[in-house]
Amino acid sequence: MIHVPSPDAFAVFGIRRTLDLDERELEQRYLKLSRDCHPDHNRSRDTDDCVAVLQRSAEINDAWKVLRDPWRRARALLEAESEGVLDRNKKLDPMFLADALELAEEVAFADADKKQQLTDKLKAALAKDYEALRRDVAAGDYDAAAKRVHEAHYHQKALQDLGAKA
Amino acid sequence: MTDAAKQQDGDGGRLVIGIDLGTTNSLAAIRAGKDPHILRDKDADPLTPSMVCFHPDGRTLVGEAARQQRLVHPDRTVFSVKRLIGRSASESEKDMRELPYPIVAGDRDLPRIRVGEHEHSPEAISAMVLRELKATAEKALGQPVHEAVVTVPAWFDDAQRQATKDAAQLAGLECLRILNEPTAAALAYGLGGKNDGTVLVYDLGGGTFDVSILRIQDGVFRVLATAGDTHLGGDDFDQLLVQRILQTLPTRAGAEDPFVLQAVRSAAEGLKKRLSDEREATLELDLGERGDVALKVTRAEFEGAIAPLVQRTLDCVKSAVKDAELTLADIDDVVLVGGSTRIPMVRARLEALTGKAPHTDVDPDLAVALGAAIQADVLAGNDRSLLLLDVIPLSLGIETLGGTVQKLILRNSTIPTSVSEEFSTGVDDQTAVDLTIYQGERELAQDCRRLGHFKLRGIPPLPAGLPRIKVTFLVDADGVLRVTAREQRTGVEASIQIVPTFGLTRDEVRRMMLDSIENAQQDYVAREAIEARSKAEAMVRGTNKALQMAELPPDQTFAVHKAVKALQKLLDQGADTAALKAASDDLTKVTATIADDVISSAVTKALKEEQQP
């Protein structure tokens with residue numbers, strides 16, 4: 001089973017491809033598109049047409065899910081700019097991986113006091129990751145940007161594991 | 001689509017009703033103008049019990065009439081089928097034991113309700129309740145109804161939703177939308193923009209529990225997350241009291257006796273209701289030769305018994321808030337829906353958790369039906385200002401090698417939503433591929449619900465691995481899955497044969513529809529009767545009005561009076577369609593022959609006004 005990539009979320013929303021989107025504007029855009037395309041307001045007796053309406057509405061919902069999340073938005077942007085770039089840059093720096101492993105261990109053994117400290121540290125790391133990503137994208141270096149996305153994934157995962165700890 | 005085309009499609013002015021098909025009670029509503037209202041018989045209780053009694057004399061009684069028979073014919077009075085619909089007999093094992101009427105495992109392990117010689121599917125029973133609601137609505141509206149929005153618990157899975165749609169179809173209703181109950185309640189609560197904000201809907205009904213978190217903003221009702229339990233509700237609270245009462249019986253035989261079981265169930269329900277108002281309640285139950293029950297239960301005892309169940313609902317609330325990526329402090333308002341939210345402990349515990357006094361302006365019994373009527377109005381094309389964005393409650397996935405489930409669509413995704421995957425073949429010249437769809441959150445297929453089996457056929461014979469079959473899984477606005485497949489190299493559309501694990505196959509629905517042609521005939525007769533009656537009533541009113549307005553010679557006045565009186569008398573007697581039609585025709589003749597056409601034009605005018613509310 002191979003996942004078939006969804007259509008370019010930026011194209012579905014009819015907006016320029018950029019990392020930094022105004023969240024309010026994006027939400028307004030989503031609600032407007034939904035009002036225009038939702039099957040509730042586009043009922044038709046013709047079945048084929050009905051599927052087309054559903055498909056369009058599904059694309060809008062799915063694109064919204066991608067665009068509202070900064071990291072998913074970044075992935076979509078990179079894929080749209082350079083197809084397959086995320087797959088091509090999966091190999092990360094061994095130094096980084098060693099650090100990531102250490103971090104995962106810290107998370108696994110964190111007590112309540114340490115938990116808050118680690119959370120702050122990870123959030124700061126993610127903010128830094130995004131800063132670097134922004135620079136790479138601005139410079140048009142999509143390979144470097146893809147590596148940032150993969151690295152950030154380790155930080156996100158650690159943060160998630162931390163949150164799951166009771 | 002152009003605006004003009006959209007307007008054509010909008011097709012305004014259709015009559016679509018909203019139906020709350022509950023475990024215990026059902027009701028229908030309509031929105032005409034700004035606010036929705038409940039459709040009911042004059043002065044009758046707005047709630048129709050979701051009960052069907054197959055009386056030994058051959059009559060099928062539905063609603064209140066059936067409820068009155070439940071102690072007389074406990075083994076022939078069917079209720080709470082919402083607990084069975086879209087499920088297998090093995091899954092319903094606990095319900096089969098607790099419900100006083102006999103349920104057996106039929107074909108494909110589907111539960112069948114056995115009454116005398118006959119067996120009924122849960123869908124067929126629900127269809128009878130829906131038919132009754134349809135008739136009530138038609139009587140109240142004075143015109144036939146063909147389309148409806150039907151509500152289901154948000155936590156209902158694909159099979160339960162599909163089964164509910166089938167029930168509507170069997171009842172002669174086109175189900176324009178399956179709507180989630182808490183979402184419907186939110187519509188009733190948030191209509192008119194008076195309650196914009198983030199709202200938590202806590203819906204504890206007779207058999208099911210749902211919690212949904214919505215953001216309401218400028219007419220857009222967006223569900224952020226939902227959680228629940230399709231087997232947690234007032235019935236389960238009753239059941240705890242039933243166990244308590246059965247323990248006081250001298251013999252264990254009572255638990256097997258449908259009469260005892262039903263009498264005890266009704267008594268338990270009454271006891272529960274009284275404990276919402278009183279600190280303690282006593283029960284004295286005379287079961288004739290089967291013994292007597294005398295029991296005192298305090299509210300504290302009852303609360304102690306239901307506490308674990310109430311805690312389960314609170315756990316769902318917490319998980320929904322988390323899934324919505326919010327904290328409890330972000331909730332602006334808490335809305336209560338469902339009869340079981342009348343229990344003081346439920347309110348107190350929810351208030352303690354959320355820190356907010358629940359909102360009580362919306363009647364917890366009526367909110368869902370009123371909301372369904374609002375959505376019905378939107379689908380009829382009458383209101384473009386409202387928009388509902390709902391979510392799928394449980395993840396959908398596909399079985400992969402090793403019995404694990406690969407998630408395709410995650411829970412709480414806004415619907416419609418779709419995902420495409422590409423599949424290939426394992427052996428040369430393979431022309432069919434099997435896919436098994438599961439719904440649930442667990443990793444292993446055996447822990448999820450197997451929804452059904454899709455067989456892709458018509459794949460062109462090619463060496464193994466060469467065909468590229470793109471399969472699109474689309475969840476529509478009802479939360480129901482649709483699957484399409486296409487071979488990418490040849491563009492051949494693969495045909496899909498669906499074998500649902502639960503509920504009825506398309507063939508079974510078709511056959512049941514054919515069986516009900518006889519019923520359809522009855523439907524037609526009923527509709528004709530309603531139409532004849534409302535026309536006659538309008539004529540009487542119109543003629544009386546015209547008589548007051550027009551100056552007529554005494555002999556003509558007398559003739560008209562006589563004809564009107566004759567028609568009125570037939571109406572009062574509840575005469576049949578033919579008699580009403582004949583008398584209406586007589587009245588038309590009399591008014592038509594009058595030289596002065598003032599009166600007939602006045603009648604025509606009055607009639608027209610009547611028909612255009």
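Which residues, counting only those in region A:1-40, are polar (S, T, N, Q) and surrounded by fewer than 15 Cβ atoms within 10 Å (Cβ to Cβ)? If the condition is that a residue be polar (S, T, N, Q) and surrounded by fewer than 15 Cβ atoms within 10 Å (Cβ to Cβ), then A:T18, A:Q28 are the ones that fit. Checked against (1) assigned to a strand (DSSP E or B); (2) more than 14 Å from every other protein chain (Cβ to nearest Cβ); (3) more than 23 Å from B:L39 (Cα to Cα), B:V317 meets all criteria but (1).
Of all residues in region B:419-431, those that are more than 14 Å from chain A (Cβ to nearest Cβ) have Cβ atoms under 8 Å from Cβ atoms of residues that are in a loop (DSSP other than H, G, I, E, B) and among the small types (G, A, S), 6 or more apart or on another chain, in B:V427/B:A464; B:D428/B:A464; B:Q430/B:A464; B:T431/B:G458.
Per-residue answers, yes or no, for (1) among the aromatic types (F, W, Y); (2) closer than 29 Å to B:T151 by Cα; (3) more than 14 Å from chain A (Cβ to nearest Cβ):
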| residue | (1), (2), (3) |
| --- | --- |
| B:D203 | no, yes, yes |
| B:F209 | yes, yes, yes |
| B:Q217 | no, yes, no |
| B:A227 | no, yes, yes |
| B:H231 | no, yes, yes |
| B:A268 | no, yes, yes |
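Of everything listed in (1) of a type in the set (A, V, I, L, M); (2) under 20 Å from the mean Cα position of the chain (by Cα); (3) more than 26 Å from B:A225 (Cα to Cα), the single unmet condition for B:A154 is (3). Of all the residues in region B:432-453, those that are polar (S, T, N, Q) and touching a residue at least 40 places away in the same chain (Cβ under 8 Å) number 2. Evaluate the following for B:P258: is it at negative phi and surrounded by fewer than 12 Cβ atoms within 10 Å (Cβ to Cβ)? No: the conditions fail for B:P258. Would you confirm, using the coordinates I've provided, whether B:R349 is among the charged types (D, E, K, R), in contact with a helix residue (DSSP H, G or I) (Cβ under 6 Å, 6 or more places away or on another chain) and at pLDDT 95 or above? For B:R349, the condition - among the charged types (D, E, K, R), in contact with a helix residue (DSSP H, G or I) (Cβ under 6 Å, 6 or more places away or on another chain) and at pLDDT 95 or above - is met. Counting the residues of region B:10-22 that are crowded, with 24+ Cβ neighbours inside 10 Å and either without any contact (Cβ under 8 Å) to a residue 12 or more places away in the chain or outside any strand (DSSP E or B) (or both) gives 1. B:P308 meets the conditions (1) modelled with pLDDT under 95; (2) surrounded by fewer than 22 Cβ atoms within 10 Å (Cβ to Cβ) in every case but one. The failed one is (1). Of the helices (runs of 4 or more DSSP H) lying entirely inside region A:10-110, those containing at least 3 residues that are within 14 Å of chain B (Cβ to nearest Cβ) and more than 22 Å from A:L133 (Cβ to Cβ) are A:23-37, A:47-67. Can we say B:P122 is buried (at least 20 other Cβ atoms within 10 Å of the Cβ), without any contact (Cβ under 8 Å) to a residue 40 or more places away in the chain and more than 29 Å from B:G574 (Cα to Cα)? Answer is no for this residue. Do we have any residue at all in region B:370-381 that's more than 12 Å from every other protein chain (Cβ to nearest Cβ) and farther than 17 Å from B:G33 by Cβ? Checking region B:370-381: not a single residue is more than 12 Å from every other protein chain (Cβ to nearest Cβ) and farther than 17 Å from B:G33 by Cβ. The set of residues in region A:114-166 that are in contact (Cβ under 8 Å) with a residue 24 or more places away in the chain, under 28 Å from A:E83 (Cβ atoms) and acidic (D, E) comprises A:D129, A:D143, A:E151.
For the residues B:G479, B:G491, the requirement of being closer than 29 Å to B:L110 by Cα, more than 10 Å from every other protein chain (Cβ to nearest Cβ), small (G, A, S) and in a loop (DSSP other than H, G, I, E, B) singles out B:G479. Checked against (1) within 28 Å of B:R411 (Cα to Cα); (2) within 28 Å of the chain's Cα centre (by Cα), B:D332 passes all but a single condition, namely (2). Just give me the residues in region B:212-253 being among the basic types (K, R) and closer than 30 Å to B:L285 by Cα, in sequence order. Listed by number, the residues that qualify are B:R244, B:R252.
Would you point out which residue out of B:Q521, B:Q497 is closer than 30 Å to B:V419 by Cα, away from chain A (no Cβ under 14 Å) and at pLDDT below 70?
Testing whether each residue is closer than 30 Å to B:V419 by Cα, away from chain A (no Cβ under 14 Å) and at pLDDT below 70 leaves just B:Q497.
Only a single item in (1) in contact with a helix residue (DSSP H, G or I) (Cβ under 7 Å, 6 or more places away or on another chain); (2) modelled with pLDDT of 90 or more; (3) among the aliphatic types (A, V, I, L, M) is not met by B:V362, and it is number (2). Residues to consider are B:V78, B:V115, B:V104, B:V72; find the one that is within 27 Å of B:G288 (Cα to Cα), out of contact with any Leu (no Cβ under 7 Å at 6 or more places or on another chain) and loosely packed, with under 14 Cβ neighbours inside 10 Å. The conditions single out B:V72.
A Cβ distance below 9 Å, combined with a sequence gap of six or more or placement on separate chains, defines the contacts here; from region B:188-205, residues that are free of Cβ contacts under 8 Å to residues at least 24 places away in the same chain reach residues that are surrounded by 15 or more Cβ atoms within 10 Å (Cβ to Cβ) and in a helix (DSSP H, G or I) in the pairs B:D196/B:G190. Only a single item in (1) under 30 Å from B:A32 (Cβ atoms); (2) of a type in the set (K, R); (3) at pLDDT 95 or above is not met by B:R342, and it is number (3). Residue selection: B:A575 satisfies the criterion of being modelled with pLDDT of 80 or more, outside any helix (DSSP H, G or I) and aliphatic (A, V, I, L, M).
Of B:V334, B:V293, B:V297, B:V362, all but one fail to be touching a residue at least 40 places away in the same chain (Cβ under 8 Å), within 20 Å of B:W155 (Cβ to Cβ) and surrounded by 20 or more Cβ atoms within 10 Å (Cβ to Cβ); the exception is B:V334. Among all positions in region B:392-402, there is no residue which is part of a loop (DSSP other than H, G, I, E, B), surrounded by fewer than 19 Cβ atoms within 10 Å (Cβ to Cβ) and away from every other protein chain (no Cβ under 11 Å). Taken over region B:403-418, the criterion of being at the interface with another protein chain (Cβ under 8 Å from one of its Cβ atoms), free of Cβ contacts under 8 Å to residues at least 60 places away in the same chain and either in contact with a helix residue (DSSP H, G or I) (Cβ under 9 Å, 6 or more places away or on another chain) or crowded, with 20+ Cβ neighbours inside 10 Å (or both) is satisfied by B:T417, B:S418.
Within the set B:D41, B:D95, the sole residue that is under 20 Å from the mean Cα position of the chain (by Cα), surrounded by fewer than 22 Cβ atoms within 10 Å (Cβ to Cβ) and within 30 Å of B:L191 (Cα to Cα) turns out to be B:D41.
The values are calculated or read from the model by the stated rules, or taken from the named source; none is laboratory data. All values derive from a computational prediction rather than experimental measurement. Ideal geometry is used to build each Cβ from the backbone, glycine not excepted, and the neighbour counts take in all protein chains shown.
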